[in-house]
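Enquirer: The structure that follows is given in the form of structure tokens.
The values are calculated or read from the model by the stated rules, or taken from the named source; none is laboratory data. Here the structure is a predicted model, which means the values were calculated and not measured. Here Cβ is always computed from backbone atoms with ideal geometry, including for glycine, and neighbour counts include all displayed protein chains. Ligands, DNA and RNA are excluded from the accessible area calculation, which covers all protein heavy atoms including side chains. Shrake-Rupley method; radii C 1.70, N 1.55, O 1.52, S 1.80 Å.
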Amino acid sequence: MSQVATAVYAAGAVCWRVIDGRIHVLVVHRTVHGDVTIPKGKVDPGETLPQTAVREIAEETGLTVALGVPIGVSRYPLPSGREKIVHYWAAEVTEKAVLASTFRPNAEIAALEWVTIKRARGYLTYGPDREILDNFAALVDQGVTETFALIVLRHGKAQTRSNWKGTDTTRPLVERGVQQAAALVDTILAWGPRKIVSSPAVRCVTTVAPLSAKTGITVKRDEGISQDAWEAGNDEVRRVIGKRVRVGKTAVICGHGPVMPEMMREIALATGTPLGSYVTDAASLEVGAFSVVHLSSSNPSSGIIAIETHAPTA
């Protein structure tokens, strides 16, 4: 996501849970301003927007969440004349997270309140917040609130073939690639990955190694998404992607630039999504970049809900 230098960036989420069979959303009553808003906050130096959203929710509400579908961007002028740009996601709050919440009324947030979407519309002080809530309500109407993500990641910057005397699969990351691998960890954690699948190539496994170390998730090496298999014409990408769609858990899939279009194509086919430029654009990843493909947990065949692409930060 590109950023305008003069703008103030922030991120947040519509946090939701089911109470007595109905979806409720979380609103925060701010102490100093005396207003009611959706949880959000400014980006700290060095943070990405997804990191900010998760951190701000934890700081304001005491809740630990994983991000779901992106639900919009609000823009409005500040008294200083600068523009404030706020990115929002949906975020389901589990009962475990509610029980573990560390929230206490403080100088910033006076109270938290779970309310229906209809009541939230009347509570929220600002128009841009109500617009974001309406975007979330549209998802609810479509029955796609419960989602999971397939995070399609291209390996970090690697040694070139011309400068490497070993086999292609043993080409290592260069220093920039190592930095990219370390930098992507905290951003990808914002979606709460449950599985890590990688091509067996050294440059791919090394790219997800820091994420594996941080999460404790063992990397599953699968020859089906290797560049060697793709160049040999083996049709194994469908098997790999199909399994991840069937399982329905957020997963990171790390592979090679030439294989990315086939991986995205198979996600589209596995979910009944018409092929289009948005699918091919999401596969055009520079090294160290990734696309987050959001799918319905209850009905993946309803198609891709949203795709967001994130550039490398190192």
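Enquirer: Once the Cβ-Cβ distance between Arg161 and Ala314 is put in as r, and R0 is 22 Å, what FRET efficiency do you end up with, to the nearest 0.05?
Expert: On the way: r = 23 Å, r/R0 = 1.03.
E between Arg161 and Ala314, to the nearest 0.05, is 0.45.
Enquirer: According to a simple spin-label model (label point 7 Å from Cα along Cα-to-Cβ), what is the distance in nm between Asp134 and Lys249?
Expert: About 3.9 nm, to one decimal.
Enquirer: Return the Cα extents of the stretch 92-211 along principal axes one, two and three, sorted largest first, each rounded to a whole Å.
Expert: 66, 36, 28
Enquirer: Something else: Binning at 10 angstrom from zero up to the longest distance, how are the C-alpha pair distances of the chain distributed in percent?
Expert: 6, 26, 32, 22, 10, 3, 0
Enquirer: Do the sum for the chain: with -39,500 (n - 2.57) for every DSSP H run of n ≥ 4, divided by all residues, what is the mean residue ellipticity at 222 nm, to the nearest 500 deg cm²/dmol? Intermediate results must be reported in sequence, preceding the final value.
Expert: Numbers: 11 runs with 102 residues, N = 314.
Calculated from helices alone, the mean residue ellipticity at 222 nm is -9500 deg cm²/dmol.
Enquirer: Viscosity 0.692 mPa s, temperature 37 °C: give me the Stokes-Einstein translational D for the stretch 185-314 in µm²/s, with Rh taken as the Kirkwood radius over C-alpha pairs. Write out the running numbers ahead of the final one.
Expert: Details: Rh = 14.9 Å.
Using the Kirkwood radius from Cα pairs, D works out to 221 µm²/s.
Enquirer: DSSP loop (so not H, G, I, E, B), at most 15 other Cβ within 10 Å: list which chymotrypsin sites (Phe, Trp or Tyr not before Pro) in the stretch 147-224 pass both filters. Provide the component values of the computation, followed by the final result.
Expert: Values: sites: Phe148, Trp164, Trp191; in loops: Trp164.
Here the chymotrypsin sites (Phe, Trp or Tyr not before Pro) that fit, given the DSSP loop and packing criteria, are Trp164.
Enquirer: Stretched out fully, how many nm does the piece from Arg22 to Glu231 gain, at 0.36 nm a residue minus the Cα gap?
Expert: Numbers: separation 209, 0.36 × 209 = 75.24 nm, distance 5.02 nm.
Here the answer is 70.2 nm.
Enquirer: Using a 1.4 angstrom probe on the protein heavy atoms only, could you order Arg203, Arg154 from most to least accessible area? Let's see the in-between values first.
Expert: Working: Arg203 0, Arg154 60 Å².
Of Arg203, Arg154, the descending order of accessible area is Arg154, Arg203.
Enquirer: Taking the C-alpha atoms of the stretch 8-142, how large are the radius of gyration and the largest Cα-Cα span, Dmax, in Å?
Expert: Rg, Dmax (Cα atoms, Å): 14.0, 44.
Enquirer: Let me ask something else about it. For Val185 and His33, calculate 0.36 nm times their separation in residues minus their Cα-Cα distance, and state this gained length in nm to one decimal. Let's see the in-between values first.
Expert: Working: separation 152, 0.36 × 152 = 54.72 nm, distance 3.48 nm.
Full extension of this stretch gives 51.2 nm more.
Enquirer: Report the gain in length on full extension from Lys220 to Glu113: 0.36 nm times residue separation, minus Cα-Cα distance, nm rounded to one decimal.
Expert: Result: 34.4 nm gained on full extension.
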